[in-house]
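Participant: For reference, the structure I am asking about is given below.
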Amino acid sequence: MTGSHGRFGALLARPGGRPQAIFGLLGRAPGSMLSVGFVAAAAGAGGASGYALGGLAAGAYALANALGGPMVGRLADRLGQREVGRPLALVSAGAAIISVVSLLLVGPTLLIVLLAAVAGATQPNISAFSRVRWAAMLDHDEATSAQALESIIDETTFLLGPPIVALLAGVWFDGLPIVMASAFLVIGAFGATSHLGLPMVRPHPDAGRGSAFRPEFPAGLGLLFAVLVLGAALGAAQVFVLAYCQTLGAEGGAALVYFVNSGASLIGAVVVGGMTWRRPARTRFAISLFVYAVGVLPSALVSGYLPFVVAAALSGMAIAPTFVQANAMVADETPARARTAAFALLASATGLGIAGGAATGGWATSEFGGDTARLLLVPLAGACALAAILVDVAHRRSAVAGMDDGEGSPPDAEAPQVPSPAPPPFAPHPHEHEPAPADAIADVSAEEPTAG
């Protein structure tokens, strides 16, 4: 662990490192708070009938966020993170707060569903913003550690978000978690894109080939399919934790299982972040995904509460490491002009997988009961293992095809070319545009050789 702590400490000690982590944590809050917050707010305003509307609003928010995230990322790549992230954070937060006002004034209506969709579609992905800026300034090993640090922040957000919602909803009024999450988003977006955070990457107005939904890295669709399958397994497993604990008569024990699973995932990210790697990211991703596929099987097969807790720890240890390697693939292989969109697209595929897996897990539980439904994790684990193999094979083929086409250059070499001397990769502060003093110009002119 010493190596992990040393590397994370070195990252946070960089100029802007600590503020970026703090504002990044705040900016991610809506992702873990709003879905639960919409359900709590609608249920508080409409009673039992509000749960259905709240669930619909949560689903609309998640789906809109998954579809809108890559497009917001594409805009950030082209126009700049500050220029895109700040106004859209205000729009997203405003839509969420208006939904609370509508619940207070007119009660549960379909308006909350529409506003939830707007909030999700316009929400900037602060995690993607941070990952792009780390990737632009670090070497190979440091960049992997930075992706691990961002995954730890992601895990922390989802570990703390739902309990915060539960506490805030009972303090004053049920819409308070939505208001707080909106405030966190605005503070995080403005703070992370200020001079306090990491250096801003230069925008790429020439977007090049591709689009928000067409990744520009080898085996891009294969990686997206793999994280979609992984998300499905995670979403189904979350449902089965509650369902199996209820079957055992230990409903209250589900909280411990969730905590152990997330805690093991955090530990895995810390360990991975402190390691030095020789294999390429695609190989590390395939191995990590295969390890998760094996590790999740006990959750489907063990019997009894304590063995189930241990099984949750085994499956959790590979979750964050797998996402660390997936994001490392994006950082290593995506052209700088498309990185924000690629990171956001990866998150969207994961979110869609989780939503689909949770829905399928809920259906299986209703049809077969909490104990038998767990067996669905067996084919999902097999799908993860198959995806791990396919993404590696697809990556190799696409890489060979790229070399045959003369496209085997590093990702950053594909970025739009500019006349020499090239500008630095980070946007300068305003004072960097000030003209040089006249005496300095004179000194330089005096040193130039004369003709003849």
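Participant: Inspect region 206-218 for any residue being more than 14 Å from P321 (Cα to Cα), at pLDDT 85 or above, over 17 Å from the mean Cα position of the chain (by Cα) and buried (at least 21 other Cβ atoms within 10 Å of the Cβ) and give the result as yes or no.
Facilitator: no
Participant: Restricting to region 282-306, what's the tally of residues that are among the aliphatic types (A, V, I, L, M), part of a helix (DSSP H, G or I) and in contact with a helix residue (DSSP H, G or I) (Cβ under 7 Å, 6 or more places away or on another chain)?
Facilitator: So the answer is 5.
Participant: Here is a follow-up. Checking the structure you have, find out if any residue of region 115-124 is in contact (Cβ under 8 Å) with a residue 12 or more places away in the chain and either closer than 30 Å to R14 by Cα or out of contact with any helix residue (DSSP H, G or I) (no Cβ under 9 Å at 6 or more places or on another chain) (or both).
Facilitator: Looking through region 115-124, at least one residue is in contact (Cβ under 8 Å) with a residue 12 or more places away in the chain and either closer than 30 Å to R14 by Cα or out of contact with any helix residue (DSSP H, G or I) (no Cβ under 9 Å at 6 or more places or on another chain) (or both).
Participant: Answer yes if at least one residue in region 99-112 is assigned to a helix (DSSP H, G or I), closer than 25 Å to H204 by Cβ and out of contact with any helix residue (DSSP H, G or I) (no Cβ under 9 Å at 6 or more places or on another chain), and no otherwise.
Facilitator: No.
Participant: Also: Tell me the residue from S145, S102, S35, S49 that is outside the structural domain of P280 (by TED's automatic domain parsing) and at pLDDT 90 or above, please.
Facilitator: After ruling out the rest, the residue left standing is S102.
Participant: To continue, here is another question. Would a scan of region 137-149 turn up a residue that is within 17 Å of the chain's Cα centre (by Cα), surrounded by fewer than 22 Cβ atoms within 10 Å (Cβ to Cβ) and of a type outside the set (V, I, T)?
Facilitator: Checking region 137-149: at least one residue is within 17 Å of the chain's Cα centre (by Cα), surrounded by fewer than 22 Cβ atoms within 10 Å (Cβ to Cβ) and of a type outside the set (V, I, T).
Participant: Would you mind finding the one in A320, A313, A255, A264 that is among the aliphatic types (A, V, I, L, M), surrounded by 24 or more Cβ atoms within 10 Å (Cβ to Cβ) and either part of a helix (DSSP H, G or I) or modelled with pLDDT under 90 (or both)?
Facilitator: Unique residue meeting the criteria: A320.
Participant: Output yes when any residue across region 2-9 is buried (at least 22 other Cβ atoms within 10 Å of the Cβ), modelled with pLDDT of 90 or more and out of contact with any His (no Cβ under 7 Å at 6 or more places or on another chain), and no when none is.
Facilitator: So far as region 2-9 goes, no, none of its residues is buried (at least 22 other Cβ atoms within 10 Å of the Cβ), modelled with pLDDT of 90 or more and out of contact with any His (no Cβ under 7 Å at 6 or more places or on another chain).
Participant: Same structure again: Suppose the filter is surrounded by fewer than 24 Cβ atoms within 10 Å (Cβ to Cβ) and not polar (S, T, N, Q); does G47 pass it?
Facilitator: Here the answer is yes, as G47 does meet what is asked.
Participant: So which residues in region 351-390 are of a type outside the set (A, V, I, L, M), more than 30 Å from A121 (Cα to Cα) and surrounded by fewer than 22 Cβ atoms within 10 Å (Cβ to Cβ)?
Facilitator: Answer for region 351-390, where residues must be of a type outside the set (A, V, I, L, M), more than 30 Å from A121 (Cα to Cα) and surrounded by fewer than 22 Cβ atoms within 10 Å (Cβ to Cβ): S366, E367, F368, G369, G370, D371, T372, P379, G382.
Participant: Do we find a residue being farther than 21 Å from F38 by Cα and surrounded by fewer than 24 Cβ atoms within 10 Å (Cβ to Cβ) anywhere in region 183-192?
Facilitator: Yes, region 183-192 contains at least one residue that is farther than 21 Å from F38 by Cα and surrounded by fewer than 24 Cβ atoms within 10 Å (Cβ to Cβ).
The values are calculated or read from the model by the stated rules, or taken from the named source; none is laboratory data. Keep in mind it's a predicted model, so treat the numbers as computed, not measured. Every residue, glycine among them, receives a Cβ derived from its backbone with ideal geometry; neighbour counts consider all protein chains shown.
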